[in-house]
Amino acid sequence: MTTNVLILCTHNSARSVLAEGMLNHWAAKLGKDVRAYSAGSAPSGRLNPFALEALASAGVDVSGFRSKSWDEFVGGGAPEMRIVITVCDSAAKETCPYWPGSPVQVHWGYADPSNTLGADEGTRLAFELTRQAIGYRMLQLLALPLATLDNASLQAALTQISNH
């Protein structure tokens, strides 16, 4: 059974997109039955071009990415999530909708690389470093025995990952 993971950030334009891309990329490479989705509480409707560039340079196909609302994941026909991860502090503080199936929720915060001041090269570097940090945590998530962990054990494991 596929483990569905929803990654949230307020605008769904950078960090959550990086996380969705890296988790799906690594899951496919490692043959793991995991599917990532990303969304935002107030989606911007556009993706940050530096996020797409960082993913593409890592070999991730970005052709199907779009900024979307978390409302797409609460109604009928939405995939049932096992894990919900917030990646920005503002989304972590928001009241989330009720997620069908009562998924495990965890916060893995990252600084917003979009706030990098200066030239494009500095912004590119900030996005690449954020992509690498997110990718590392996604590899740790994929190393877990997801099919056999109960929710309490999964919560503890995900919290432990957030502390590294």
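Structure data summary
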quantity	calculated
Net charge contributed by nearby residues that have their C-beta within less than 12 Å of ILE134 (K/R +1, D/E -1)	+1
Considering only the chain, percent of DSSP beta bridges that pair antiparallel, nearest 5	0 percent
Surface/4 estimate of mean projected area, convex hull on alpha-carbon atoms of the chain, nm²	9.2 nm²
Cβ-based exposure ranking for SER114, SER38, SER44, SER63, in which fewest neighbours within 10 Å come first	SER63, SER44, SER114, SER38
Alpha-carbon centroid distance for the pair segment 47-70 / segment 122-154, whole angstrom	17 Å
Computed over segment 30-150: relative contact order in percent, which uses C-alpha pairs under 8 Å that are six or more apart	22 percent
Rounded to the nearest 20 debye, dipole of segment 3-162 from Cβ charges on Lys, Arg, Asp, Glu	160 debye
Which of LEU30, LEU146 has the fewest Cβ neighbours within 10 Å, and the rest in rising order	LEU30, LEU146
Positive-pole candidate from GLY76, ASN151, PRO43, dipole of segment 3-162, charges at beta carbon	ASN151
In nm, spacing of pseudo-spin labels at SER44 and ALA119 (7 Å Cα→C-beta vector)	2.3 nm
Chymotrypsin sites (Phe, Trp or Tyr not before Pro) restricted to segment 65-164 and DSSP loop, no more than 11 other C-beta within 10 Å	TYR98
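Here, each number is a calculation from the coordinates, and none is a lab measurement. This one's a predicted model, so the numbers in the text were calculated from it and none came from an experiment. Glycine also receives a Cβ, built like all others from the backbone with ideal geometry; neighbour counts cover every protein chain displayed.
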